[in-house]
Amino acid sequence: MLDAIKQGTASVVEHEGRITGYATDLAFFAHAVGETNRELMALIGAASAFGGPGILVPVRNAALFQWCLDHGLRVIQVMTRMTVGLYNEPAGAYLPSVLY
């Protein structure tokens with residue numbers, strides 16, 4: 001996050017006086033997290049542009065994916081996350097980085 005702050009790409013969502021979500025950028029090589037989809041919707045909606053080929057939206061988060069489609073975003077590429085060994089789904093809402 002410190003690198004994103006230095007680069008001027010970091011953003012946060014505040015609700016009732018506390019930070020409830022953040023993004024290092026809205027880009028292919030960046031990530032974002034929020035307590036709920038509302039935070040991610042706010043970050044995406046406030047973006048003036050998306051870096052690189054765009055953002056990664058997990059299709060398994062159907063509500064967020066549908067919201068993105070309803071607001072004019074479109075699918076450019078479908079990707080599959082694969083892991084070796086135990087995988088624990090992150091808590092809350094998130095937009096992963098292609099690097100993660």
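DSSP finds beta bridges in the chain, and of those with both partners inside it, around 90 percent are antiparallel. All other residues whose Cβ lies under 12 angstrom from that of A63 are scored, Lys and Arg at +1 and Asp and Glu at -1, for a net of +1.
Rounded to a whole number, what % of the accessible area of the chain do carbon and sulfur atoms account for, probe 1.4 Å? Here it works out to 57 percent. Compute the normalised compactness of the chain: alpha-carbon radius of gyration over 2.2 N^0.38 Å, N being the residue count. Compared with the compact-globule rule of thumb, the chain sits at 1.05.
Probing with 1.4 Å while keeping every protein chain in the model, the per residue accessible area of the chain equals 69 Å².
The values are calculated or read from the model by the stated rules, or taken from the named source; none is laboratory data. In this text, all values refer to a predicted model and were calculated from it rather than measured experimentally. Don't worry about glycine lacking a Cβ; one is built from the backbone with ideal geometry, like all the others, and counts go over all protein chains shown. Note: accessible area is taken over every heavy atom of the protein model, side chains too, but ligands, DNA and RNA are not part of it. Shrake-Rupley method; radii C 1.70, N 1.55, O 1.52, S 1.80 Å.
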